[in-house]
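The structure appears right after this line, and notes come after that.
The values are calculated or read from the model by the stated rules, or taken from the named source; none is laboratory data. These numbers were taken from a predicted model, which means no experiment stands behind them. Neighbour counts run over all protein chains shown; Cβ positions are idealised from the backbone, glycine included. The accessibility values were calculated without ligands, DNA or RNA, using every heavy atom of the protein model including side chains. Shrake-Rupley method; radii C 1.70, N 1.55, O 1.52, S 1.80 Å.
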Amino acid sequence: MNRPLAPGTSREALAPLLRDVRAVVFDTDGVITDSARVHAAAWKAAFDAYLRAHPPEDP
């Protein structure tokens, strides 16, 4: 696939584009790409926002 799909692309429109796909690799643990910094920043943002909204009674 050489171009990004528009948000809301239907399954029917996507199916012909994926017909020749033989495999998909999900790199969720950073083995293929170095994603540790991105994950750390995302978790920090999530926890910082949560803790601002729900501060602990006894930090």
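Odds and ends about this structure:
- Positive-end ranking of PRO55, ALA13, THR33 along the dipole of the chain, with charges on Cβ about the Cα centre, is headed by ALA13.
- Sites LEU5 and ASP27, calculated FRET efficiency, Cβ-Cβ separation with R0 22 Å, nearest 0.05: 0.65
- With K and R counted +1 and D and E -1, the other residues having a Cβ less than 15 Å from that of ALA45 yield a net charge of +2.
- Within the accessible area of the chain (1.4 Å probe), percent carbon and sulfur: 59
- Compactness of the chain, taken as the C-alpha radius of gyration over 2.2 N^0.38 Å, stands at 1.82.
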